[in-house]
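**Q** After the structure tokens below, expect a handful of questions from me.
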Amino acid sequence: MDYKQIEAKWQKKWEETGLYKFDKSKVDKKYYCLEMFSYPSGAKLHAGHWYNYGPADTFARFKRMQGFEVFHPMGFDAFGLPAENYAIKTGIHPEDSTLKNIETMEKQLRRIGATYDWDYEIKTCVPEYYKWTQWMFEQLYKRGLAYRKEAPVNWCPSCNTVLANEQAQGGVCERCGSVVTKKNLNQWFFKITAYADELLDGIDKLDWPEKTKLMQKNWIGRSFGGEIVFDVKGSDEKIRVFTTRADTVFGVTYVVLAPENPLVDKLVTAGNKAAVEAYKEKAAQTTEIDRMSSTREKTGVPTGAYAINPVNGREVPILVADYVIASYGTGAVMGVAAHDDRDYVFAKKLGLPIERVIKSKDGSPDELPYTEYGVMVNSGEFDGLESDEGKKAVLEKLESMGKGCLKTNYRLRDWLVSRQRYWGAPIPVVHCEHCGDVLVPEEDLPVRLPHNVNFTPDGESPLKKCDEFMHTTCPKCGRPALRDADTLDTFVCSSWYFLRYPDNRNDKKPFDSEWINKVLPVDKYVGGAEHACMHLLYARFFTKALRDMGYLNFDEPFLSLVHQGTILGPDGNKMSKSKGNVVSPDDSIAKYGADIFRVYLMFGFNYVEGGPWNDNGLDSVGRFFDRIERIVKKCYEMNFAKDALGKAEKELNRVRHNTIKCVTNDLGAFSFNTAIARLMEYVNAIYAYDGAVEKKNIFYKDCARDLVLLIAPFAPHFAEELWEMLGETYSVFNQPYPVFDEKAMVLDEVELAVQINSKMRGKVVVPTGATREEIEKAALEAVSAQLGGATPKKIIVVPGRLVNIIA
RNA sequence: GCGGAUGUGGUGAAAUUGGCAUACACGCUAGAUUUAGGUUCUAGUGCGAUGAGCGUGCAGGUUCAAGUCCUGUCAUCCGCACCA
């Protein structure tokens, strides 16, 4: 069979007949199957795209044949840094290169032979889309979920530019390798922390990989604790500290402020001012790499001021140290050296006192620092309380004194969405001297991204240098004003695209709520695991915020999630140009066609694990296809007997129904490799029957027909061709997927393993309905010689499996 | 440092509640068919020369029975990174 020819043939036919057009009238049977959309930074689809999209399409086809109306769209996440960097490198404008790349990728995606309905395509970089991205920003702003504040950004001193977080991974500039520092800029944030609790509590209900759920939970990082107020000696200032271990409060021997904490300047004494200033200066210059290292030596300087411990009135020194993070909790901690590893190291280094206030519960000797829960000692009225009740008791007491309260903190920070970059959606805000930050009125959206801009990075937002963009009038007072020069993080675009697909042509609204509530949520989402704490979290946040605004009636965007594994280079390393181990799918597809390539990808790997590329498996899939083609052809040309079914037919029928059962289960679980193994077994069983039986029963034809139906989601073009060969009418994808018959799978007799003292000693065949006594008898007979007349002490019978004779 | 995962033949990988370890392929060996084949078919293929036996990273444990459960340990990978 000429696979390339039949692929062209069927792709044309599918297109002409609109086979994969989503039928809106059947939305009650909808199944929203979505793959993370592609990023058109490179010009071509690589093996990873195929590995994501090929198997996911098999799943979509399977759902379709199961009777669902599958909504399966595709689009392009077209804004973003890689496209811009590519433009900087090549000198081609990102708009031109991106649109060209999209065109190429669309063509390639069609060659996968997937069920995408291109009527619903999305490109995030076109004004028709980013108009609504800007609209999203405005809604969040109106609800108080978008705000602007001074914040440090990543700064590369060598490239003289700000960097996105993704570009500064590991504290090193992605492009030049320089060490990244921080610089303060006025930045837009989305208040994702307002949803921290719901984002956390909703995770358990999701059908997502456990690993991903855990990562997201840890990322949100909720910790229950309390705030404790320390008065400052001789001052009206107060220091609030956050702690999860209020039971250790009697062991406080000092208090530490983060260098960036504004209290530092207020509290520092004249004699310590110079040292503290120097320390702050040094901390500000500390690189991201060093700041991230938990193994680095702890440093700090005293402020000269003293804090008063509210539980015992004790005066303790106040220090500044950069192991305290300004942005977490209150930017201040109480130092309990005896019961915290970091405080212990710090106290040792600076010669601060260390005082035990917790002992192990069972009284066994323990060493300091002792960070486990235990029993309170040296803690006045609280002595003898265990840590968990002690925590509560201490905070209750402090609360009654007005010196503390229960408090929950999160590791999650608000989402910084400003990017000092060109290739993104402009932020729809005007800065007016008189009116402050003013939203661009909805009817004036989109704020268009100007084409003619010098986007070479030089430390300023590129748009700032574009006068005709920057200068505008204030929508409120009409006086001259400036636009916001930053663009939105690309992750903003991808936080709502799945809502746009079903209503992508709507020019009045981002989507029609009534309609979207029918098509959403996404039933199956397939994409890379690298998005666990970014895109997947942001999209959940958007969904919840839009729900609270009344636009959506569901809580979660993606009910069920699967991550495909990574296809590595043949050397077992991640594919990369620098390693020279990149495998292009183009050659394989040219030689074998899309179907064989897809099936190879599904058969050769565990889908969620991936693994190193190895192309000698392609031939074996090719042989598998040949075997199918030969037997279907033969079957079509054959004359059949119409006798009753014999033993051989029964056996083939059993394999047939077992195959249907297993393949159905496996496909539902994204276990493509085992599904294909079962199909191979079925083909082997058909050949065995074919070789053993002279005059084939007419039922044989049904077996061949089922084979084509079963294989259809995996090899769509091939299956259409075979379906036609069998004389059936177009299309095989309008057929229901075969359903198994439990009765056909019941055998007349079963083979049991016979063990003596748990060692394999033989086999025995018994009738399916045999009683326990009959089975025991048959088993004893089967191994009587080896038993040597000994009377068994005990016989264990596992029906359908084995008999274990304990002698 | 913390959290999570993985470890099975020469290779890719399978294995419901604990129940015949290595399904399905690749590769390899021998043979048959064909004008030729990188075709097709048959047989074999965990280790061990045979048998006994031994075998799921390593060491223990529970059990009639462990790849699967428990304890410890090593290796690799991923995520977080002083979160009080």
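The values are calculated or read from the model by the stated rules, or taken from the named source; none is laboratory data. No experiment lies behind these values; they were computed from the predicted model shown. Here the Cβ positions follow ideal geometry from the backbone for every residue, glycine too, while neighbour counts run over all protein chains shown.
**Q** Among the listed residues A:D340, A:D236, which satisfies the condition of being acidic (D, E) and within 11 Å of RNA strand B (Cβ to nearest atom)?
**A** When all the criteria are applied, what remains is A:D340.
**Q** Does any residue of the stretch A:334-345 turn out to be among the charged types (D, E, K, R), under 15 Å from A:L257 (Cα atoms), assigned to a loop (DSSP other than H, G, I, E, B) and touching a residue at least 60 places away in the same chain (Cβ under 8 Å)?
**A** No, because not a single residue in the stretch A:334-345 is among the charged types (D, E, K, R), under 15 Å from A:L257 (Cα atoms), assigned to a loop (DSSP other than H, G, I, E, B) and touching a residue at least 60 places away in the same chain (Cβ under 8 Å).
**Q** Next up: Where in the stretch A:97-202 are there strands (runs of 3 or more DSSP E), lying wholly inside it, with at least 1 residues that are farther than 30 Å from A:K282 by Cβ and small (G, A, S)?
**A** By residue number, A:146-156.
**Q** Let me ask something else about it. Could you say which residue among A:V683, A:V765 is among the hydrophobic types (A, V, I, L, M, F, W, C), more than 30 Å from A:E69 (Cβ to Cβ), free of Cβ contacts under 8 Å to residues at least 40 places away in the same chain and not in a loop (DSSP other than H, G, I, E, B)?
**A** Of the residues listed, the single one that is among the hydrophobic types (A, V, I, L, M, F, W, C), more than 30 Å from A:E69 (Cβ to Cβ), free of Cβ contacts under 8 Å to residues at least 40 places away in the same chain and not in a loop (DSSP other than H, G, I, E, B) is A:V765.
**Q** Filtering the stretch A:252-263 down to residues that are modelled with pLDDT of 95 or more and touching a helix residue (DSSP H, G or I) at 6+ places or on another chain (Cβ under 7 Å), which residue is surrounded by the most Cβ atoms within 10 Å (Cβ to Cβ)?
**A** Filtering first and then ranking leaves A:L257.
**Q** Taking A:L707 as the residue in question, decide whether it is hydrophobic (A, V, I, L, M, F, W, C), in a helix (DSSP H, G or I) and within 15 Å of RNA strand B (Cβ to nearest atom).
**A** So A:L707 fits the description; yes.
**Q** Within the set of pairs 6+ apart or on separate chains, which have a first residue in the stretch A:403-422 that is closer than 30 Å to A:T243 by Cα, a second that is of a type in the set (S, T, N, Q) and away from RNA strand B (no atom under 13 Å from the Cβ), and C-beta atoms under 7 Å apart?
**A** Pairs found: A:L416/A:Q187.
**Q** Regarding the stretch A:69-86, can at least one residue be identified that is surrounded by fewer than 21 Cβ atoms within 10 Å (Cβ to Cβ) and more than 27 Å from the chain's Cα centre (by Cα)?
**A** No, the stretch A:69-86 contains no residue that is surrounded by fewer than 21 Cβ atoms within 10 Å (Cβ to Cβ) and more than 27 Å from the chain's Cα centre (by Cα).
**Q** Among the residues of the stretch A:577-615, how many are in a loop (DSSP other than H, G, I, E, B), farther than 22 Å from A:L109 by Cα and over 19 Å from the mean Cα position of the chain (by Cα)?
**A** Adding up the residues that qualify gives 6.
**Q** Ok, one more. Hey, can you tell me all the residues within the stretch A:316-333 that are more than 7 Å from RNA strand B (Cβ to nearest atom), crowded, with 19+ Cβ neighbours inside 10 Å and under 38 Å from the mean Cα position of the chain (by Cα)?
**A** A:A321, A:T330, A:A332 - these are the residues of the stretch A:316-333 that are more than 7 Å from RNA strand B (Cβ to nearest atom), crowded, with 19+ Cβ neighbours inside 10 Å and under 38 Å from the mean Cα position of the chain (by Cα).
**Q** Another question, then. Looking at the stretch A:298-315, which of the residues that are part of a loop (DSSP other than H, G, I, E, B) and either within 7 Å of RNA strand B (Cβ to nearest atom) or under 27 Å from A:K392 (Cα atoms) (or both) is modelled with the lowest pLDDT?
**A** A:K298
**Q** Quick check on A:C435: is it surrounded by fewer than 18 Cβ atoms within 10 Å (Cβ to Cβ), touching a strand residue (DSSP E or B) at 6+ places or on another chain (Cβ under 9 Å), touching a residue at least 24 places away in the same chain (Cβ under 8 Å) and more than 28 Å from A:T133 (Cα to Cα)?
**A** Judged against the criteria, A:C435 is not a match.
**Q** Out of all the residues in the stretch A:346-367, which are free of Cβ contacts under 8 Å to residues at least 60 places away in the same chain, in a loop (DSSP other than H, G, I, E, B) and basic (K, R)?
**A** Correct list: A:K361 only.
So that you can scan it fast, the table gives a plain yes or no per residue for (1) under 27 Å from A:P369 (Cα atoms); (2) away from RNA strand B (no atom under 14 Å from the Cβ); (3) assigned to a strand (DSSP E or B):
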position: A:G226; (1), (2), (3): yes, no, yes
position: A:F230; (1), (2), (3): yes, no, yes
position: A:V256; (1), (2), (3): yes, no, yes
position: A:K266; (1), (2), (3): no, yes, no
position: A:R296; (1), (2), (3): yes, no, no
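**Q** Filter the stretch A:407-436 for residues that are of a type in the set (F, W, Y), in contact with an Asp or Glu (Cβ under 6 Å, 6 or more places away or on another chain) and in a strand (DSSP E or B) and give the result.
**A** none
**Q** Next up: Considering each residue of the stretch A:23-55, count those that are assigned to a loop (DSSP other than H, G, I, E, B) and crowded, with 21+ Cβ neighbours inside 10 Å, and give that number.
**A** Residues that pass the stated criteria total 4.
**Q** How about the stretch A:783-799: which of its residues are assigned to a loop (DSSP other than H, G, I, E, B), within 10 Å of RNA strand B (Cβ to nearest atom) and surrounded by 10 or more Cβ atoms within 10 Å (Cβ to Cβ)?
**A** Listed by number, the list holds a single entry, A:P799.
**Q** Then there's this: Answer yes or no as to whether A:I676 is in contact with a Leu (Cβ under 9 Å, 6 or more places away or on another chain), in a helix (DSSP H, G or I) and buried (at least 19 other Cβ atoms within 10 Å of the Cβ).
**A** No, not satisfied.
**Q** Can you spot a residue in the stretch A:145-164 that is touching a Leu at 6+ places or on another chain (Cβ under 6 Å), of a type in the set (S, T, Y), more than 23 Å from A:A83 (Cβ to Cβ) and modelled with pLDDT of 75 or more?
**A** no
**Q** So, in the stretch A:580-630, of the ones that are among the β-branched types (V, I, T) and either more than 9 Å from RNA strand B (Cβ to nearest atom) or without any contact (Cβ under 8 Å) to a residue 24 or more places away in the chain (or both), which residue ends up farthest from A:Q11 (Cα to Cα)?
**A** Among residues in the stretch A:580-630 that are among the β-branched types (V, I, T) and either more than 9 Å from RNA strand B (Cβ to nearest atom) or without any contact (Cβ under 8 Å) to a residue 24 or more places away in the chain (or both), the one farthest from A:Q11 (Cα to Cα) is A:V582.
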